[in-house]
Each structure stands twice: as structure tokens, then as C-alpha cells.
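The values are calculated or read from the model by the stated rules, or taken from the named source; none is laboratory data. As the structure is a computational prediction, the values presented were derived from the model and not from experiment. Here the Cβ positions follow ideal geometry from the backbone for every residue, glycine too, while neighbour counts run over all protein chains shown. To get the accessible areas, we keep the full protein, side chains included, count just its heavy atoms, and leave off ligands, DNA and RNA. Shrake-Rupley method; radii C 1.70, N 1.55, O 1.52, S 1.80 Å.
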Amino acid sequence: MSRRPIFAANWKMNKTTSEAKTYCAQFGNHVIDPTIADVVICPPFPSLHAVRLALPTAIGVGAQTVANQLSGAYTGEIAIGMIADAGCTHVIVGHSERRALYHETPALLAEKLERVINEGLTAIFCVGETLSDRENGQTQAVLLTQLQGSLKPILAVLSDRWQQLVVAYEPVWAIGTGKVATVDQAQEAHDFIRSTLKGLLGPIAAKGIRIQYGGSVKPDNVKELMAQPDIDGALVGGASLDPESFYEIIKNGVTQ
Ligand code: PGA
């Protein structure tokens, strides 16, 4: 089964709405064939709607997190219905910064994933080990805990809607550090994630679910990553903040 690559820009807490519009005007000049790759831009919440209006519809727009509750007295939270109403197509769930800084647990992330899937949007579910996990030989154990902890509670939801799930493997030690995982380290982790997905969701879903790599992806390292059999795209932080560099990543990533 061939998997259409997916490239997502995670802006994190960067860019005002006017900066976002300038970015989109530049990025929108590039023609990206939606049959060749999915492209998603994930700006901060206040810019979601403006970014949706400013980009061609073939480009997806994603939120960087979502509330686990549907509505009500949750000051500061943003519900999935609001995200969908802003025109979003995707939501990042479980980024390592959310796990580490805001104490998001696998059980909480299961609830968030369920909200995204039930709303008909695609979840970009992030997993990844820290440097000490890797040094202690715990990489696979950590990935297993993260995947099982968030996917097992929602297997019934995912069983016929796994197309709405994208997994992003992001080794925490490679995020924003300039230290990219070697292609062998990345492929090994992706292969492990795919075999874990097979155990949870069966062989057809495991073959079809896209697994992105994330962590210091740049225009000059994306090609070798994308050449690996189980790497189906990239979740890009720092290098996505410049529209030309994000476009270069997509261009280099799809032409192997
Ligand atoms: P980076 O971030 O590309 O700046 O390493 C990736 C991410 O955190 O999604």
C-alpha cells in the first residue's frame, strides 16, 4: 500500500496573525499537488481562521492541541468544535512539549484523540523518547507505553477510522536541538511503531497509517529520511517558520 506523504508545520508559539498572513501569501505562491503530498500548517489558535482564509484549500490547517472536554467551564481551553469551525482539518495531539510542560498523560491524550476523530478531523499523534530513555535502552518501552496508553482506550473509535490518525515519531532529544536522529535510528523506531500499530489495529491499518518523523528536519536532511520505508512525512518546527524553507522541505521530501 502506498502512503501519501504528509508534511506539517508546527509553528509552536510563534507569529502574530499579521505575520501569519504574510507567511501564507508567500507560501501560497507555491503550487503543491495535493495528490502527491498532504501539507498542513499549524499556527497558534488566534491565527487559525485567518490562515485558513489565506491559504489554498488544498493545504490543511491544524491546531496544536485541543481540550479533552467538549464545552463548559474550562477557562483558557479550546474545544474541538471551535477548532473545526475555524476551518481546521488537523490537530496535533501529545506533542512532547505538552507532555513535559503541561503534564499531559496518555489517558488524557486518549480523550483528546477521541474528540478529534469523532469530529471528523485528522489527529497528528506525537510519540518519542527522551535522551535518557534512549541511553537507558528504554526507547521501545517508552514508545509502547505512549502508543498503548492512548490508543488502546479508543480502539473502538479507531477501528474503522484509522485513516484519521497520523503518528509523529519525535525523539525529544532531536527537537529544536539541531541533532537529527540517524536514518537508521529513525527507521528502527518507525518500524517498531508500525508493528505496535499492527498489534493494536491490525495489518491493514498498520500498513495505511502514516508515520511522520519530527526533530530538526531541514531541507538538507529530509530526503534521506523520506527514503526510509516507514517514514511517510515530517512534522517540522523551527524550519517551518520560514515559508521558503518549509516549501524546500516538502519539495525535497517528495522527490527522492
Ligand atoms: P523542530 O521541532 O523541527 O524545531 O526540531 C519539531 C517539533 O517539535 O514538532
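Observations
- The Cβ shell under 14 Å around GLN64 holds other residues with a net charge of +1, Lys and Arg each +1, Asp and Glu each -1.
- Debye log10 I(q)/I(0) for segment 1-121, one point scatterer per Cα, at q = 0.10, 0.20 Å⁻¹: -0.31, -1.16
- Kirkwood's formula applied to the C-alpha pairs of segment 153-256 gives a hydrodynamic radius of 14.2 angstrom.
- With θ taken as phi - 60° and the Karplus curve 6.51 cos²θ - 1.76 cosθ + 1.60 applied, the whole-hertz 3J(HN,Hα) list for segment 217-222 is 6, 9, x, 8, 10, 6 Hz, x standing for glycine and proline.
- Taking every DSSP helix (H) stretch of at least 4 residues in the chain, weighting each as -39,500 (n - 2.57) and dividing the sum by the residue count yields a mean residue ellipticity at 222 nm of -12000 deg cm²/dmol.
- Cleavage-rule hits, chymotrypsin sites (Phe, Trp or Tyr not before Pro), segment 1-88, DSSP coil, Cβ neighbours within 10 Å at most 16: TYR74
- Distance from the alpha carbon centroid of segment 111-180 to that of segment 15-52 works out to 24 angstrom.
- All lysines inside 26 Å of LYS223 as judged from Cα atoms, apart from same-chain residues fewer than 8 positions distant: LYS12, LYS179, LYS207, LYS251
- Placed amide H near VAL61: partners under 5 Å, 5+ positions off or other chain: ILE41, THR89, HIS90
- Around ALA100: net Lys/Arg minus Asp/Glu count, Cβ-Cβ under 14 Å: -2
- Per residue, in Å², the accessible surface of segment 6-254 once ligands and nucleic acids are set aside, probe 1.4 Å: 42 Å²
- In order through segment 108-122: 3J(HN,Hα) via Karplus (6.51 cos²θ - 1.76 cosθ + 1.60), integer Hz, x for Gly, Pro: 5, 5, 4, 5, 5, 4, 4, 4, 5, 5, 5, 7, x, 9, 9
- Computed Kirkwood radius, in angstrom, where 1/r is averaged over Cα pairs of the chain: 18.0 Å
- Ligands, DNA and RNA left out, the accessible area of the chain computed with a 1.4 Å probe is 54% carbon and sulfur.
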